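The values are calculated or read from the model by the stated rules, or taken from the named source; none is laboratory data. What you see is a predicted model; the values in this text were computed from it and never measured. A quick note on method: Cβ atoms are made from the backbone with ideal geometry, for glycine too, and the neighbour counts reach across all protein chains shown. Note: accessible area is taken over every heavy atom of the protein model, side chains too, but ligands, DNA and RNA are not part of it. Shrake-Rupley method; radii C 1.70, N 1.55, O 1.52, S 1.80 Å.
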Amino acid sequence: MALTVSQTPQLYTPAYNAQTFRALSDQIAVTDFKYIVTVQVNGGTIFTFDVLQRPDGYIIYDPIEIVKNYITRDYFNPKLYQAGSYDLATGKAATVQVKIKEYYTAAVQSTYTYDYTVWDACLKKEDFNTFDYTSYLGDITYGTSIIPLSTTDNVYPTINIESGDYFMHFFRNNATVVTLTTKDSGGLLVDTDSISLDTGNNLIHYIDCGYNSLVALGFTPPEDGWTVTVDIKNVSTILYTTILTFKDECSYFDKYGLFYLTRAGKVDYMDFNFISNTSINKKTNDVTLNPNKNGASSYGSNIWDSSKFIVSTQTTKQILLNSDWITQEQSTQLEELFDSPVVYLKDYTANRYHSVVVTDTSYQVKRMSSDKLFNYSVTVEYGSQETRQRGL
């Protein structure tokens, strides 16, 4: 009696990529032999499946269709972000337990158990083929992973003050505190504050290191060009650190930003400071009735009466956004905005978020070899429709 497992998902794996198990029993010749698989996510419902052996005797099983249903976007809620600077990223990650059992002679004979963690990511095939969570997420032991990088600068993100928000996500593991320290453009200390982490949950946490949260924490942001140092710590030991540089961008036009979910599960953003054009599309439902529907005393109708009446009207708003000049690296990164399933538009003037959908059906990645200067234009449609009173 032996069950040999030759393939499992990695201990931390993207929820929307393959999570393949491969195993072989040495008892497949027994008459009533079968494999039994159970899947349990977040300690909840146990799903049980009887799986017959393949012609070669192996079992190949992937629980992705169950697991990905436990990934939700509750954490990607701008209203929640504006309410506080730190919280658990509920639904962004999940714990999975898979059991593979040998069943024969009318009983379960042995069980293999495997536990792993998934998070809200969907890597490209070429990236997933070489995926290694230890190098991809950083040293997972110390809780410093899935730290989003700005599309402006991958080393020291430069953040528009007016965007208000800059989101970082990380597995907590043994991290206990996040310290924020602001300095002015001359490097002099201005403010510092610490946020204690919820140590009862080792999954993903988020912190908003943007302007709005700093003000809410009681910081006094200095003039343009100030920096914020973010330290993720275990008590006093720094596990991860990064420096964010803030600036106040001037523009003659209304300024917008797009916040979007990347394939790696990060929340990234792009500013659009050049001229934008807004258009509104209308759809109407109408009926044709007797113009005397209101009980006119005389037969016939006046020349101003109509027999066509609007029952309902829905309008949808679209906006064409244009960025400043971008780099070749940014052009490559913005492919993730083009096909992201979750995008929010922020109107910096009104300090308001709107759920939107990118309506462009193609995206051209620019290269410096062919284009010396280039920017990025994108059309998005607001996710909500407006209705009006009936004309009937």
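Has the range 287-294 got any residue that is more than 30 Å from Y133 (Cα to Cα) and modelled with pLDDT of 85 or more?
Within the range 287-294, the subset more than 30 Å from Y133 (Cα to Cα) is 287-294.
Then keep just the ones that are modelled with pLDDT of 85 or more; that gives 287.
Yes, because at least one residue in the range 287-294 is more than 30 Å from Y133 (Cα to Cα) and modelled with pLDDT of 85 or more.
When the range 195-239 is examined, which residues are found to be within 18 Å of I159 (Cβ to Cβ) and open to solvent by 40 Å² or more (accessible area, probe 1.4 Å)?
Y211, N212, V215, A216, L217, T220, E223, D224
Suppose we filter the range 254-287 for residues that are more than 25 Å from Y75 (Cα to Cα), of a type in the set (F, W, Y) and open to solvent by less than 50 Å² (accessible area, probe 1.4 Å); how many remain?
0
Looking at the range 189-291, what strands (runs of 3 or more DSSP E) fall wholly within it and have at least 3 residues that are touching a residue at least 24 places away in the same chain (Cβ under 8 Å) and aromatic (F, W, Y)?
Answer list for the range 189-291: 256-261.
Go through the residues of the range 49-64 one by one and say whether even a single one is under 19 Å from the mean Cα position of the chain (by Cα) and either of a type in the set (A, V, I, L, M) or modelled with pLDDT under 95 (or both).
yes
Tell me, which residue of the range 296-306 that is open to solvent by 50 Å² or more (accessible area, probe 1.4 Å) and either among the small types (G, A, S) or within 29 Å of Y252 (Cβ to Cβ) (or both) is modelled with the highest pLDDT?
S306
Within the range 73-81, is there a residue that is open to solvent by 70 Å² or more (accessible area, probe 1.4 Å) and either aliphatic (A, V, I, L, M) or free of Cβ contacts under 8 Å to residues at least 40 places away in the same chain (or both)?
Yes, the range 73-81 contains a residue that is open to solvent by 70 Å² or more (accessible area, probe 1.4 Å) and either aliphatic (A, V, I, L, M) or free of Cβ contacts under 8 Å to residues at least 40 places away in the same chain (or both).
Among the residues of the range 18-69, count how many are over 23 Å from T95 (Cβ atoms), out of contact with any strand residue (DSSP E or B) (no Cβ under 7 Å at 6 or more places or on another chain) and exposed (fewer than 14 other Cβ atoms within 10 Å of the Cβ).
Matching residues across the range 18-69 total 5.
Scan the range 96-137 for residues that are of a type in the set (A, V, I, L, M, F, W, C), surrounded by fewer than 18 Cβ atoms within 10 Å (Cβ to Cβ) and not in a loop (DSSP other than H, G, I, E, B) and jot them down.
A107, V108, F128
Quick one: R54 ticks every box in (1) under 30 Å from T262 (Cβ atoms); (2) among the charged types (D, E, K, R); (3) assigned to a loop (DSSP other than H, G, I, E, B) bar one, so which box is it?
For R54, the failing item is (1).
Considering only strands (runs of 3 or more DSSP E) fully contained in the range 309-383, which possess at least 2 residues that are among the acidic types (D, E), open to solvent by 50 Å² or more (accessible area, probe 1.4 Å) and modelled with pLDDT of 75 or more?
Output list is empty.
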